[in-house]
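Structure, as structure tokens:
Every number in this text was worked out from the coordinates using simple rules, so none of it is lab data. Keep in mind that what you see is a predicted model, and the values were worked out from it rather than measured. Here the Cβ is made from the backbone with ideal geometry for all residues, glycine too, and neighbour counts use every protein chain on show.
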Amino acid sequence: MIITRILNRSYSFIFAMRQHLYLSLLSGFCIICACTPASPLYSQTRKGLDIVRIQPFRLEKSYKFDWRSERPDVRSGLLVVIKVDTSQVRPTNDLQPVLYAGNQTVQRINGGYESGYVIGIIPGPIDLSKEPVWFGTPALPERIDAKTIRAERAKAINSGIRPLKADDVKSRTKDMAAVPDLTTLLRKYAADLILEFSPQEKHLVEAWRLPETRQ
Amino acid sequence: MKPYHHTRKTFRSILIAVAAMLNGHAALAAITKTELAGRSLSVYPFFEYVKAINANSNVQIAIDPTRFPAIAGLACDIYIVAAKGTNGWNLNNTLTDITPGGKMTVMLNGPNIQGNTFIVANAGDLSANAGLGLGVGYDVVLDFNQNGVLDGNDFIDGRNNESGFYMVHNTTAAGPEAVTQLNYNINGVVATNFGIPPGFEAERLFFPTNVAGVKAATGKNLPLIIVSHGNGHQYIWYDHIGNHLASYGYVVMSHPNNTGPGPVSASTTTLTHTGALIDQINAGAITGAGALTGNIDVDRIVWIGHSRGAEGVAIAYDRMFDGSFVPTNYNMADIKLISSMLPTDFEVYNPIMGDLHVGSNANPNNVNYHLWTASGDADVSGIASAPRLQTYHLHDRATGNRQSTTVQGTGHGWFHSNTASSDAFTGPCPIGEANTHLILLGYMLPLVKRYVEDNIPSIDFLTRQYESFRPIGVPNDPCIVVSHEYRDASPNTPSNPQKTIIIDDYQTQFANNTSSIGSPVTFTVTNLTEGLLDDNNSDFTWAATDPFNGATQGGTLDNTRGVVFDWSGSNLFYEWEIPVGERNFTDNLFLSFRGAQATQHPNNTGIAGDLTFRVTLRDGQGVPVSSSISIGAFGGGFEKSYQRSGGWHNEMETIRIRLTDFLNNASGIDLTDIVAIRLDVGPANGSSQGRIVIDELMLTNDRAVYDAGDNGDPHIKTVNGTNYDFHGAGEYTLLRDGNDFEIQVRQTPVTTANPIPNSYTGLTSCVAVNTALAARVGTHRISYQPDGPVQEQETRMRLRVDGILKDINALGSIDLGAGARVAKTAVGNGIEVDFPNGSTLVVTPGWWSGHNIVYLNISVLNTPATEGIAGLIEPGQWLPALSDGTYLGPKPASLSDRYKHLNETFSTSWRISAASSLFDYAPGTSTATFTLKGWPVENADTCRLPKMNIVKPLSREIAMRACRGVADMDNRNNCVADVMVTGEIGFAKTYLVAQRIEQAGTKTEIYPVRKLTREGDTATFVAVIKRSLTGQRLIFDGKEKRYNIGSVQFYLNGKPVGRPVPVDRFGQARWASPKLKAGEYKVSAEFLPTKGDDGNLASRSLELIYVVRGQ
């Protein structure tokens, strides 16, 4: 009985959200459409997201990856700059479309709403000429597990999302950055990418580069 | 009718003419403590007694001659006095009026309260400059004998440690302290050690530049406040909160919050940053913040969160609550308040699917919790179709003190300070960011002070209707609509310190015609439904199939419930019958309930503003008397829901009505015998039509009473929880309150193997034990002291009442009048004393065979008393006040000075005299007989007294094993120390017996169903079984399996009648007598717990005198 009710309410919710968006547009209110999650697969993602910079990295000290439920230890991966449709990255406290790459979720370093560029971390070895990058169903990344990723990946591929061309990957990939830890990666490499691609979010850089307390 | 005001000048001239009439008026007998200060109302009850008065308002006082007939027609001098507190008044009772015009002389010749309402100070006359505080306290005295002294006949509002009223300043304005702001990253190694995710190490710290000055002013280290932002927000957007609270003496830190993955990840950032900040401040590792090192109070921490971060702070607490996260340098009890601004609700516990993140639920549990809701929020929007975006869920899950503030016309983005980001607002009548910040800061300050400092006037900000009382700095703008909910945690705590009685919270007894306390509910209102406070579809459009339309207090997985009903054009009612045993309303200050207009209901759409109705009490007199008060009398009613999309979610607010208001102007109602509470709705009572939600009808109080202890050798637990050792030898005042409550103890020095150290005082001392006790119980005096033969061991203890020996074992209990009694405890050969002021004293004797003496463990429960060796330790002091009201100051650095403070000055101060002693003495003895000045000896090497055996100490391991069943950690530590030093394992048994009495003790009360019975009729009596500690009846709800807690044996004229009657699920049993002849009968009841049930102890009621009249 309760399950039925939840399902009914979920269905009603989707309908109501669409209606709400429609009414909001009609009324002319300027709303950050927090209560209107994006559709599961946004049409522009059909051809895959454009990755404009790829920075491989290797860390001496691993860190816990919070952007999927298994919280794996990450020691290497790609620091990427992804050009996005800003409607996918509107700041909200409601569910947001989850950014995926192959069999991973992408850790978003910045918001990207104003600039249209998201700087993110894709854990582990991944070949972006073989793996797609896309926005999936709105969710909380900390709840996403391997099973969900597989399902989202299948949906993405079925909808026609394809990886970048190998030449593009090659031309946009920088030399390996070997750094002690994630904090250093952020302060040295991610910071520069923020300043280059999303300078509106330089506050992130300023925070990373504040002086440290004494140990 | 306009209130009847007089100015000070008017009455000064009248004074002289009538002064002579007043002297020596014999009708008054003693100082009367009552509420006097407040503000006049235009309708009944015509005056609202308050604690906080804004600095820009005048001060009024009122007294109702129909409530206090003895003052009718008298003249008196009204004094507004700088608040003195209990000890201050005891020290100096002269009256010094501090208003510009001096004391004001008036004639109390008005026929009603309006006629005796006076403006005693104009706006600005009295200072509200409280420095770091919230308000300046004043006491009000009506000096009837006009002698300039508080004495015999006078009335006072104040006197104790709660002032008569407080002039409060503009809480939206910055405080007096300059603020230092620092920005830095937590060192990488430290961040890793504490678990802060890489990239989130930054902190933005605000603190008063003059840390030493703040500490000197408050006498305490500075509390910590942590701000955790929401998703898409930045930690540098909360400078308004940081600067504001730091200017009032708090240390505020805002940090980047890991909200992107979700609120559980955010909770980790809150938890870890709190620990890292404490670590780095204490290590002096933050450049520019050295002044804070050693000066922060990690026992007083506040978490503030926004959106996902607001859910995160609740999750963070939940993770500590269930042990899935264990902080290293603070703990759960240190979190004094969580304030969630516009929280999401992703992490609801799902009983079907299980815990998505084990131990990570959006549940504030028992923490003091506050919720902000923005009705124009376009982000965490509250929309019907998305429970994860409904803020109220978290509030309704909280079981601690909880309150919510709902603000209309504001959006999600106006709670932070970034104007460039989105407002995230939708709806009519926007109030903007500036006004939102004024409301936020104006309420945040009293909110924090309430829970960090137990500040008294702050509660007015949280409980009174916004229309009648709000922060001064918030402009008068019709678009600004604010609603408050407030509920104290007492019913959910083991001791129910505020003696809250829940009449109906709808959480049990789901039938429409039964309240949760088990009494009948009747109604004529229409379309009534009890149920989950959850809109059951995806919109707020009214539909009969969605009776709780607009309710977003809970989701489908929650259990918060209430009732909805409506009316249209007719005068209808909804009425709760008050069960026998709960009809005396005089133990509580307020009748309280929460409710809201049901959004978009046709009955409400036509209501322009607030919806009102009347609350009526009816008593059980032969000709019942009723008294009614409109909920609109105090300035507002239930607010109209925010008109976003035609009406957004229901905005619950709490209505609190002072119970004595129902007495005003000779209403004649008997508050000791209220048989019904009724909501009267309809055109004769307020709004002609409407549909409302109602929930949480209860009787409650404003402030907690205290528990104290004096155990073992002796370990004192003060009323505010400080545990310290005091080993003076002689007779002392343990606690006292006014003229009718005092407990005195006799401490006898004993030989032990070695002196023992005490962690609080730092002193290593020889010890004493409690060996006798005496008390003032209203108009009676009792003593409990040994005077039998030594070989009788525990039974040597003798009870005397007013000097007359009483065999408590034979009597069971002795009625001392005014609700007081002394009774034998159900276990342990001790006594239990109930005082007229509600305090309970439990005395548990133990036998120390090594010395052949009886020692006493003493617990004082639910007491308002704050003076004595177990008295209140004020901020900045290390010991309770001395008996003359003065203080010894902070803890001295040197042990020698501490010894002198404690064992000389303090000990001498509270040592009783022959005149003040309540003990009974054998001929030739006095208190001096039991006094050994100089004990304990400073720096003693051994602890030997003449004629006392040397005892062999026991090891810590043995002591710990013996004491492992003692639940309270302080008591367990004390128990271990006692067993070790005395070598007597029996000390542990005494602790356990005392614990069992506290935890399982019951009280049986007996009431007649009808007050009058004629000869030849039967009479029915109800025995109500309550938990001694809480005063709550032993209810178990219908969801539990059938459970029999025991039965009640009734007695008629001392003889058992019939068979024991099973106790029903409402904690009561009924017995109908046979037909009775005219005469006087003694009826009593004894609760007999089910055999094998360790949860409840037996108890017996006092004898009820019942008169049967002739035909």
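The mean number of Cβ atoms from other chains found within 10 Å of a Cβ in peptide A:85-96 is 6, as a whole number. The string of couplings for segment B:119-129 from the Karplus curve (6.51, -1.76, 1.60, θ = phi - 60°) is 7, 9, 7, 8, 3, x, 5, 10, 5, 10, 6 Hz, one whole number per residue in order, with x for Gly and Pro.
Cα centroid separation, segment B:32-78 to segment B:915-975: 50 Å. Projecting label points 7 angstrom from Cα along Cα→Cβ for B:LYS1077 and A:GLN200 puts them 9.7 nm apart. Working note: Debye formula, equal point scatterers on the alpha-carbon atoms of the protein assembly as shown, no solvent; log10 I(q)/I(0) at q = 0.05, 0.07 Å⁻¹ is -0.41, -0.81.
Here the dipole of chain B is about 2240 debye; that uses its Cα centre as origin and unit charges on the Cβ of Lys and Arg (positive) and Asp and Glu (negative). The alpha carbons of segment B:790-940 stretch over 53, 37, 30 Å along the principal axes, in descending order.
Working note: Karplus 6.51/-1.76/1.60 with θ = phi - 60° gives segment A:65-82 the couplings 8, 7, 8, 8, 5, 6, 6, x, 7, 10, 10, 8, x, 10, 9, 10, 10, 10 Hz, where Gly and Pro are set to x. Peptides B:186-196, B:383-393, B:319-329 ordered by packing proxy, namely the average of other Cβ atoms within 10 Å per residue, highest first: B:383-393, B:186-196, B:319-329. Can you give the FRET efficiency to the nearest 0.05 for B:ASP1064 and B:THR522, using r as the Cβ-Cβ distance and R₀ = 22 Å? Working from the Cβ atoms, E equals 0.60. At q = 0.26 Å⁻¹ the log10 of I(q)/I(0) for segment B:793-855 amounts to -1.16, computed by Debye summation with a single uniform scatterer per C-alpha, solvent ignored. The packing ranking of peptides B:976-983, B:537-544, B:935-942, B:658-665, highest mean first, is B:976-983, B:658-665, B:537-544, B:935-942, where packing means the average number of other beta carbon atoms within 10 angstrom of each residue. Shape class for chain B, computed from the alpha carbon gyration tensor (a ≥ b ≥ c): rounded, with a/c under 1.5.
Count, for each residue of B:199-207, the Cβ atoms from other chains sitting within 10 Å of its Cβ, then give me the mean as a whole number.
Numbers: counts 13, 4, 7, 8, 3, 2, 0, 0, 0.
Across the residues of B:199-207, the mean count of other-chain Cβ atoms within 10 Å is 4.
Computed extension length for B:ALA684-B:GLU467: 75.8 nm, one decimal, from 0.36 nm per residue of separation with the Cα-Cα distance subtracted. Backbone amide hydrogens, once placed in the peptide plane, bring B:SER247 within less than 5 Å of B:GLY175, excluding anything fewer than 5 places away on its chain.
Under 5 Å between amide hydrogens, built in the peptide plane, is the criterion, and for B:VAL348 it picks out B:ALA362 among residues at least 5 positions away or on other chains.
Rounded is the label for segment A:65-192, because the ratio a/c of its alpha-carbon gyration tensor axes (a ≥ b ≥ c) stays below 1.5. Considering all C-alpha pairs of segment B:1046-1085, those separated by over 16 Å amount to 37%. Shape summary of segment B:173-295, radius of gyration then Dmax from alpha carbon positions: 14.1, 44 Å.
Mean partner shielding of peptide B:554-564, defined as the number of other chain Cβ atoms within 10 Å of each residue Cβ, is 1. Taken as entire DSSP H runs, the helices of chain B that both span 24 Å or more between Cα atoms along their own long axis and average -0.5 or more on the Kyte-Doolittle scale are B:263-282, B:432-453.
Once both labels are positioned 7 Å from their Cα atoms along Cα-to-Cβ, the gap between B:ALA434 and B:ASN1053 label points is 8.2 nm. Positive contributions from Lys and Arg (+1) and negative ones from Asp and Glu (-1), summed over other residues with Cβ under 13 Å from the Cβ of B:GLY646, come out at +1. A cut-off of 5 Å between modelled amide H atoms, ignoring neighbours fewer than 5 places along the same chain, links B:SER515 with B:VAL521. Computed over chain B, relative contact order equals 7 percent, with contacts defined as Cα pairs under 8 Å that lie 6+ residues apart. Listed by chain and number, the lysines whose C-alpha is less than 26 Å from the C-alpha of B:LYS1082, apart from same-chain residues fewer than 8 away, are B:LYS806, B:LYS824, B:LYS1003, B:LYS1011, B:LYS1026, B:LYS1055. Taking the centroid of alpha carbons for each part, segment B:290-314 and segment B:176-216 are 11 Å apart. Couplings for segment B:457-465, taken from phi via the Karplus curve 6.51 cos²θ - 1.76 cosθ + 1.60 with θ = phi - 60°, read x, 4, 5, 5, 5, 8, 10, 7, 4 Hz in order; Gly and Pro are left as x.
Take each of the peptides B:569-579, A:163-173, average the number of other beta-carbon atoms within 10 Å over its residues, and list them starting from the highest.
The densest-packed peptide leads the list: B:569-579, A:163-173.
The B:ARG1109 and B:ASN109 beta-carbon pair, evaluated with R₀ = 60 Å, returns a calculated FRET efficiency of approximately 0.90. If you sort the three axes of the alpha carbon gyration tensor as a ≥ b ≥ c, you get a/c of 1.5 or more for segment B:425-573 and a/b no higher than b/c, which makes it oblate.
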